[in-house]
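> Structure incoming, see below.
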Amino acid sequence: MLHGNSGSIKDFYQQIPVLSKHYKVIALDTRGQGKSTDSSKKDLTYSGFADDLKMVIDHLGLEKIHIAGWSDGGNTALEFVLKYPERVNKLVIIGANIQPDGVDKRLVDHMKTEFQVLEIEK
């Protein structure tokens, strides 16, 4: 399970117990988010997050996985399947959006306003 931007595995608190009745659930915090740290000094990219996921599943000895990704987690999942298609069994992608063209203008305006408020409060 891959969470969205500025999120963590806590975002899946309701899904994990249900899914764990049928699957081995692995929910990981994206590099630099949640309880994950990032000391690499590298740019954070979906490609890099996909490589992080590959390292995790290699370490766990998993050959093929199902991936559920929400928002940026969906973008990471799409990048992962493009790079490592032989490692993916099924994908569930929710709200992945690399370009903001498909986002409702009101939401974009709201996000811009929130960003401006944060800048003022610094």
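The values are calculated or read from the model by the stated rules, or taken from the named source; none is laboratory data. Just so it is clear, the structure is predicted and the values come from calculations on it, not from any experiment. Positions of Cβ are backbone-derived with ideal geometry, glycine not excepted, and every protein chain shown enters the neighbour counts. What goes into the accessible areas is simple: the full protein's heavy atoms, side chains included, and nothing from ligands, DNA or RNA. Shrake-Rupley method; radii C 1.70, N 1.55, O 1.52, S 1.80 Å.
> Exactly one condition in (1) modelled with pLDDT of 90 or more; (2) open to solvent by less than 100 Å² (accessible area, probe 1.4 Å); (3) assigned to a loop (DSSP other than H, G, I, E, B) is not met by residue 51; state its number.
(3)
> Let me ask something additional. Name the residue that is most open to solvent (accessible area, probe 1.4 Å), counting only residues in region 35-48 that are touching a Leu at 6+ places or on another chain (Cβ under 9 Å) and either farther than 15 Å from residue 84 by Cβ or part of a loop (DSSP other than H, G, I, E, B) (or both).
The residue in question is 38.
> A follow-up question, please. Right, residue 95: touching a residue at least 40 places away in the same chain (Cβ under 8 Å) and over 10 Å from the mean Cα position of the chain (by Cα) or not?
Judged against the criteria, residue 95 is a match.
> Then there's this: Please tell me if residue 32 is outside any helix (DSSP H, G or I), free of Cβ contacts under 8 Å to residues at least 60 places away in the same chain, closer than 22 Å to residue 95 by Cβ and of a type in the set (Gly, Ala, Ser).
It is true that residue 32 is outside any helix (DSSP H, G or I), free of Cβ contacts under 8 Å to residues at least 60 places away in the same chain, closer than 22 Å to residue 95 by Cβ and of a type in the set (Gly, Ala, Ser).
> Please name all residue pairs, on different chains or six or more residues apart, with Cβ atoms under 7 Å, provided the first residue is in region 110-122 and is in contact (Cβ under 8 Å) with a residue 24 or more places away in the chain and part of a helix (DSSP H, G or I) and the second residue is of a type in the set (Phe, Trp, Tyr) and open to solvent by 90 Å² or more (accessible area, probe 1.4 Å).
The qualifying pairs do not exist here.
> Okay, next question. Run down 95, 32, 74 and say which single residue is in contact with an Asp or Glu (Cβ under 7 Å, 6 or more places away or on another chain) and among the small types (Gly, Ala, Ser).
Going through 95, 32, 74 in turn, just one is in contact with an Asp or Glu (Cβ under 7 Å, 6 or more places away or on another chain) and among the small types (Gly, Ala, Ser): 32.
> Those residues that are more than 11 Å from the chain's Cα centre (by Cα) and assigned to a loop (DSSP other than H, G, I, E, B), I need them from region 1-29; list them, please.
Hits for region 1-29 are 13, 14, 20, 21, 22, 23, 24, 25, 26.
> Oh, and also: Would you point out the residue of region 54-79, among those that are assigned to a helix (DSSP H, G or I) and more than 15 Å from residue 4 (Cα to Cα), that is most open to solvent (accessible area, probe 1.4 Å)?
59
> Look through region 102-114, keep the residues that are at pLDDT below 85 and loosely packed, with under 10 Cβ neighbours inside 10 Å, and return whichever of them is farthest from residue 30 (Cα to Cα).
Looking at the filtered set, the residue picked out is 105.
> Does any residue of region 89-101 turn out to be open to solvent by 40 Å² or more (accessible area, probe 1.4 Å), modelled with pLDDT under 95 and part of a helix (DSSP H, G or I)?
yes
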